[in-house]
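Enquirer: So that we are looking at the same thing, I have put the structure below in structure tokens.
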Amino acid sequence: MVWVNDVIQGILIGGLYALFACGLSLMFGVMKVINLAHGDLAIIGGYIAVGVIAVTHIPVLWSFVIVVPLMAVLGYVLQRTVIQAALDRSILTTLLVTFGLSVVIENALLEFVNANSHSLGVNDAIITSSFSIGSQISIAYLLLLIFVVAVVVLTGLQYFLSRSRYGRMIRAVADDREAAQLSGIDYRHVFGIAAAIAFATVALGGIAYGMYSQFSPTTGTDTILLFAFAAVVIGGLGSLWGTLVGGVVLGVSQAIGAQISGSDEFLAGYIVFLAVLVLRPQGLIARRGTA
Amino acid sequence: MSEPADRAPKQDEPILEVRELTVHHGQLRALDHISLRVFPGEVYAIIGANGAGKSTLLRTIAGLHQPTEGSIRYDGQDVTRIRPERRAISGIVMVPEGRRLFGSLTVEENLQVGATYARKGPWTIERVYELFSWMKDRRAQRTEQLSGGEQQAVAIGRALVANPRVLMLDELSLGLAPVVVQRIYGMLPQILATGLTVLLVEQDVSQALRVASHLQCLLEGRTTLQGTPSEVTPEQVEVAYFGLRSPGGPGGTEGGEPPVSGVGLGGVVPSEEAR
């Protein structure tokens, strides 16, 4: 029964990892940008939530109403300025630029917020309470909620990409940017929209992480970015649902690793990550289109 | 923007005018002071061998390359520095070489993308389905699953639904069986009947001669011959196309227009090769 509990916990935490990963995957799928600042952006989302809650006293669960649009705007602006300028030079330049962005964000946070850990809504009942199934399985409401949010986000994103006019434009630009221009589409604007979506999802991930655990200025690179990468690679680059599969596989391996030995939690996750890279480099869910 | 009401060839004002266009690919001069004037309702064909600069010319008119010299005027406006997507929206639409469909999208989605910023006009997705009768039944298929000729038809449809005023066709025949090429060019009269102007690039000279109202031959980035298909002789085309200098024959790579009556079309083309 202990193992069943591990698997369930792993699956649920996979939802959080999917929230980290889907924006990374989207930005790579659409504009071939590997955003090394992705984890730091999640942390920025977390800090904005801390500030918003301190000022407005809205319940922590509702902080996303302010944080997510703010991050989406930030995503659009950053894409249209810094990242697009890098893209105009070369794809490799975007790696340097997003790495630089990551360093800048981390140090700015250390400078202006300090290095202490923060978390969100520690005293809320929703965050601390859980329910039990039998004697061995205990499920935290928060983890269940995060998993549901992840599924809703992915479903919504999938629907948006496959059905809406903008979603169609995003897929067209991802396929062939020049041909899209010939159809009158300003691909830079479409890139901005895609970045806005990516930033919005990772902001949700940042808020969720802040409620689940605690974060400091370095959490973005030393935890979130790595998990996001692992989830994307395991699931399959460019596949949206792959990020959930990847997140779940990562979560389950970590949970099982922790059960074997407390210090092996992350090691187990990375071993699976490596195994997938070696045995099935295209990921568990092979890419079909960009969606 | 109003629709072009009539399409009588050789009206006073060209709908598209290229003046002294020079384009470089790095060090290489791909186009060397090329000029052309396309009038409403025309089928203006640009022929030439591989590497003559034909595709570069169309891509520059579409805005995908920036010229180092010269200008492009469309509908009386200078569009030389306008971004490609703005040109497309204003009515210069290109069917690119190699079709360049959105491979992960369905046939219908490709057409919908083409219609995203469509001008007002006669072409709709339904109308394209009427033009290519097989297409409607297969509209939910990905374009990757179509044959080359079918893909070319979708690419044409994607351009048509934008309701272009100037439709540019880049090497429609590339990689297609002759019978398929015939069929696609056979659609041209129906397309022209809706009042648009066609500027096409073609390696297949006989095909171009069949459909064109005006012909311009490029060789190594320069104009070597132009006129109406009835004005030029096969020998002239051969010389202009391959750059052979037959003794006593007209034309040649450097010589500008061959001194044959009628070919110059006095006044239609401003000083060629002026440098």
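Since every read-out is calculated from the coordinates, none of them should be taken as a lab result. All values derive from a computational prediction rather than experimental measurement. No Cβ is skipped: glycine too gets one built from the backbone with ideal geometry, and neighbour counts run over all protein chains shown.
Enquirer: When Cβ neighbours within 10 Å are restricted to other protein chains, what is their mean count per residue of peptide B:150-163?
Expert: Per residue, the average neighbour count from other chains is 1.
Enquirer: Now for a different question. Could you calculate the contour length gain from A:Val152 to A:Leu61, that is, 0.36 nm times the residue separation minus the distance between their Cα atoms, to one decimal place in nm?
Expert: 31.2 nm
Enquirer: Output ³J(HN,Hα) for the range B:140-150: one whole-Hz value per residue in order, computed from phi by the Karplus curve 6.51 cos²θ - 1.76 cosθ + 1.60 with θ = phi - 60°, and x for Gly and Pro.
Expert: Running phi through 6.51 cos²θ - 1.76 cosθ + 1.60 with θ = phi - 60° gives 8, 7, 5, 5, 4, 8, 8, 6, x, x, 5 Hz.
Enquirer: Test of understanding: express the Cα radius of gyration of chain A as a ratio to 2.2 N^0.38 Å, with N the residue count.
Expert: Compactness ratio reported: 0.98.
Enquirer: Tilt of helix A:64-78 relative to the longest C-alpha principal axis of chain A, in degrees (0 to 90, nearest 10)?
Expert: Roughly 40 degrees between the two axes.
Enquirer: For the range A:22-40 and the range B:173-231, what is the separation of their Cα centres, given in Å?
Expert: Here the answer is 44 Å between Cα centres.
Enquirer: Relative to the compact-globule scaling 2.2 N^0.38 Å, provide the ratio for the alpha-carbon radius of gyration of the range A:187-287.
Expert: 1.16
Enquirer: Quick one: what do you get for the range B:85-153 if you divide its Cα Rg by 2.2 N^0.38 Å?
Expert: In units of the globular-protein estimate, the range B:85-153 measures up at 1.10.
Enquirer: Using only the Cα atoms of the protein assembly as shown, each taken as one equal point scatterer with no solvent, compute I(q) by the Debye sum, divide by I(0), and report log10 of the ratio at q = 0.07, 0.09, 0.11, 0.12 Å⁻¹.
Expert: -0.53, -0.76, -0.96, -1.06
Enquirer: Angle, helix A:225-235 long axis vs. longest principal axis of chain A, Cα atoms, 0 to 90°, nearest 10?
Expert: 80
Enquirer: Another question, if that's okay. Around B:Ser71, with a cut-off of 9 angstrom between Cβ atoms, what is the net charge of the other residues, counting Lys and Arg +1 and Asp and Glu -1?
Expert: That works out to -2.
Enquirer: If you don't mind, there's one more thing I want to ask. Which cross-chain or sequence-distant (5 or more) residues have an amide H under 5 Å from the amide H of A:Gly236, H modelled 1.01 Å from N in plane?
Expert: Answer set, sorted by chain and number: A:Leu284, A:Ile285.
Enquirer: Okay, moving on. Cα axis of helix A:240-260 to longest principal axis of chain A: angle in degrees, 0 to 90, nearest 10?
Expert: Here the helix axis deviates by roughly 30 degrees.
Enquirer: Further question: Taking the Cα atoms of the range B:143-228 alone, what are Rg (to one decimal) and Dmax (as a whole number) in Å?
Expert: 13.5, 41
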